[in-house]
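For reference, the structure is listed below as structure tokens.
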Amino acid sequence: MAAAADNSETLAKFYQEFCLQLQINVNKDVLDVLNQKIKPGFCVSRTFTLQLPGNRGRRAQRLEDKDVFVLSKCLQNREGVTGLDVSYNNISDGGVKHLADLLLLRSSALKSLDLKFNNIQADGVEILANSLKSNSSLLSLSLSGNQFGDRGGVHVSSMLQVNSTLQLLQVSDCNLADRSVAALGVALKHNTALQALDISRPLLFSQQEEWAMHFSQMLTVNRSLLELHLGRTGLTDTGMEMLAEGLRQNHSLRCLDLRCNHVTRDGAHHLAEVLRQNPTLEVIDLSSNRIEDEGAAHLSEAIATPGCSLKELSVSRNCIRTEGLLSLAQALKHSPTLTHLYIWGNHLDEPVCQVFSELLSSGRLLPQRTDVSPYQVDGQLFLAEVFQGLRTQICSIEETAACSSAALLSEVRGSTSK
């Protein structure tokens, strides 16, 4: 029935009619995107994500709350539109209220909603969170870049205590503070649906890193989380020690992102102990920390341990010198699972250049699975930077949700590219 309606009257036509009824000016960018979906050869009944990001170009007309109001009306009873990307626009709490009303409808078909970098505050997050307490269709939600702070983060945590459908949540760079980050850890002790969480770049001031203790306790009992992004959280060796306690008992997490923190050799030692005991961790991003040679040696020994399942490791920009990098290269040679290794930004002296050149020429390390490439000048070997790194696992899950798959990935892929 819905497909028949889509074929008889297009979304573009509905959009224009609603604008006329509500006396709202037609947004030319919205109309252009909707018209693209009805070009000859496009199957209107096929599911798709409506892409309306505000950073499409300098001339893009960013969406306001009134535009979202019209869109929410158009998307009612529209089974074909399963994803909505309205990131980088000027949507505020009023616009979120319209989207929340859409999500409350039993006929809502939205499975992914991208609201990154808008103007959503705590009140808007509260409205959205309340709607998700009863919504059973949305799989993916991105709120990153909205400055809703600790109060908004607490509302998100409260929603996770109730929601049993959402599988991906991005709340990075949202000014979350100690209370809301700790609350997220507590909520995930009970939530059994969420598979991916990104809380990177909160504003944490406690020197005791209590949030790490809450996340450690959560990891001991949570069995659904596949990936956890903790970049720029200010994590120290003390916090790493706390997390390690939970990681040793966790048997579901596949991807751990610890970029841009304060982890040193001691923290790397705690993480190495986890790799010796945890059979499921496959991807670790330690880039932009300071583990140095000793930390690299700890990780190398763990990687070479029988039973270690690590597939991808980034130690870029970690002040590692020749000894540490050579130990990692040796671990790569002997590991049956490690296939991706990223080392740029360390001290790449000639012995390191030689070893990694051999790894690449032998095929043990494929060019697309590292961030360095060998070259020669006057007979001397060097490594150049290749601009590629660990693939964000969240992207693959988000794409699956946007394509309206009945379930997200059954396991996180361990390859950056195929």
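The values are calculated or read from the model by the stated rules, or taken from the named source; none is laboratory data. Model, not experiment: these values are computed from the prediction. No Cβ is skipped: glycine too gets one built from the backbone with ideal geometry, and neighbour counts run over all protein chains shown. Areas reflect the complete protein model, heavy atoms only, side chains present, ligands, DNA and RNA absent. Shrake-Rupley method; radii C 1.70, N 1.55, O 1.52, S 1.80 Å.
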- Task: Could you tell me which numbered condition LEU225 fails, if it satisfies all but one of (1) of a type outside the set (Val, Ile, Thr); (2) over 19 Å from THR264 (Cα atoms); (3) part of a helix (DSSP H, G or I)?
- Result: (3)
- If you check LEU84 against the conditions, is it out of contact with any Cys (no Cβ under 9 Å at 6 or more places or on another chain), assigned to a helix (DSSP H, G or I) and of a type in the set (A, V, I, L, M)? no
- Read through the list (1) farther than 26 Å from GLN170 by Cα; (2) touching a strand residue (DSSP E or B) at 6+ places or on another chain (Cβ under 9 Å), then give the number of the only condition that ALA297 fails. (2)
- Task: Quick one: LEU390 ticks every box in (1) modelled with pLDDT under 95; (2) within 30 Å of the chain's Cα centre (by Cα); (3) over 23 Å from ALA297 (Cα atoms) except a single one, so which number is it?
- Result: (3)
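Test VAL68 against the criterion of being without any contact (Cβ under 8 Å) to a residue 40 or more places away in the chain and either open to solvent by 60 Å² or more (accessible area, probe 1.4 Å) or closer than 23 Å to ILE199 by Cα (or both), and give yes or no. Give the derivation first.
On the way: without any contact (Cβ under 8 Å) to a residue 40 or more places away in the chain: yes; either open to solvent by 60 Å² or more (accessible area, probe 1.4 Å) or closer than 23 Å to ILE199 by Cα (or both): no.
Criteria not met by VAL68.
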- Does GLY246 count as open to solvent by less than 10 Å² (accessible area, probe 1.4 Å), in contact with a strand residue (DSSP E or B) (Cβ under 8 Å, 6 or more places away or on another chain) and of a type in the set (Gly, Ala, Ser)? no
- Determine which single condition THR220 fails, assuming it passes every other condition in (1) closer than 18 Å to ASN278 by Cβ; (2) more than 19 Å from the chain's Cα centre (by Cα); (3) surrounded by 21 or more Cβ atoms within 10 Å (Cβ to Cβ); (4) not small (Gly, Ala, Ser). (3)
- Looking only at segment 303-315, and only at residues there that are more than 22 Å from the chain's Cα centre (by Cα) and closer than 11 Å to LEU328 by Cβ, the one that is modelled with the lowest pLDDT: ALA304
- Note on the structure: Scanning segment 181-201 for residues that are in contact with a Gly (Cβ under 8 Å, 6 or more places away or on another chain) and assigned to a loop (DSSP other than H, G, I, E, B), the one nearest to GLN147 (Cα to Cα) turns out to be ARG201
